[in-house]
1. Which of the residues that make up segment 107-124 are in contact with a strand residue (DSSP E or B) (Cβ under 7 Å, 6 or more places away or on another chain) and either surrounded by fewer than 18 Cβ atoms within 10 Å (Cβ to Cβ) or modelled with pLDDT under 95 (or both)?
2. Looking at ARG55, ARG48, ARG15, which is the one that is open to solvent by 40 Å² or more (accessible area, probe 1.4 Å), of a type in the set (Lys, Arg) and within 21 Å of ASP124 (Cβ to Cβ)?
3. Mind listing whichever residues of segment 81-106 are farther than 25 Å from TRP19 by Cα and buried (at least 20 other Cβ atoms within 10 Å of the Cβ)?
4. So, of the residues in segment 125-146 that are under 23 Å from GLU68 (Cβ atoms) and part of a loop (DSSP other than H, G, I, E, B), which turns out to be most open to solvent (accessible area, probe 1.4 Å)?
5. Return the total of residues in segment 10-24 being in a loop (DSSP other than H, G, I, E, B) and within 18 Å of LEU72 (Cα to Cα).
Amino acid sequence: MRLKKYNGLVEIGYRTTIWPSVKFAVGSSIPGSPAKITIGAGCSIGDRTEIHCCRSVSIGNGVLIAWEVNILENNYHTNLEGTIKSKPIRIEDAVWIGCRAIILSGVTIGKGSIVGAGSVVTKDVPAGSLVAGNPARFVRTTGPWR
């Protein structure tokens, strides 16, 4: 695991597995407002996955993330005022994310959803949905989630 941390925090829940070569890049340029990655209990973060955070990335309980997934809350680009435009990423409980998927800034992935391998998630995913493709589109429901 590689951890690049500048004014940031990483919290990892009980019985969560972080596989080899996972990268956490956590850094806030806002004084007094640290960036924060929160990972719940019983999760698995696959080999070579990267999580880039400048404000907030929240991963729920029982989330399975395959290898080489990119979670990009921070795209390292600034606007004309010199500030980074980013919105928090929220991945709710019992989500599965396939290998080489990309999750972009401002996305919420609802409870019990599945993100297909190689998908690029640019918009919110409702609870209990299977999404796939570039950009990721709804394929079908995964079952009843409350």
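1. Result: VAL120, THR122, ASP124.
2. Unique residue meeting the criteria: ARG55.
3. Correct list: SER86 only.
4. Result: ASN134.
5. Residues in segment 10-24 being in a loop (DSSP other than H, G, I, E, B) and within 18 Å of LEU72 (Cα to Cα): 2 in total.
Let's see how each residue does on (1) modelled with pLDDT of 95 or more; (2) within 13 Å of the chain's Cα centre (by Cα); (3) assigned to a loop (DSSP other than H, G, I, E, B); (4) within 23 Å of ARG137 (Cα to Cα):
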{"residue": "PRO31", "(1), (2), (3), (4)": "no, no, yes, no"}
{"residue": "THR38", "(1), (2), (3), (4)": "yes, yes, no, no"}
{"residue": "GLY42", "(1), (2), (3), (4)": "yes, no, yes, no"}
{"residue": "ARG48", "(1), (2), (3), (4)": "yes, no, yes, no"}
{"residue": "ASN74", "(1), (2), (3), (4)": "no, yes, yes, yes"}
{"residue": "GLU81", "(1), (2), (3), (4)": "no, no, yes, no"}
{"residue": "ARG90", "(1), (2), (3), (4)": "yes, yes, no, yes"}
{"residue": "ASP93", "(1), (2), (3), (4)": "yes, yes, yes, yes"}
{"residue": "ARG100", "(1), (2), (3), (4)": "yes, yes, yes, yes"}
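The values are calculated or read from the model by the stated rules, or taken from the named source; none is laboratory data. These numbers come from a predicted model, not from an experiment. Ideal geometry is used to build each Cβ from the backbone, glycine not excepted, and the neighbour counts take in all protein chains shown. All accessible areas refer to the heavy atoms of the entire protein, side chains included, with ligands and DNA or RNA removed. Shrake-Rupley method; radii C 1.70, N 1.55, O 1.52, S 1.80 Å.
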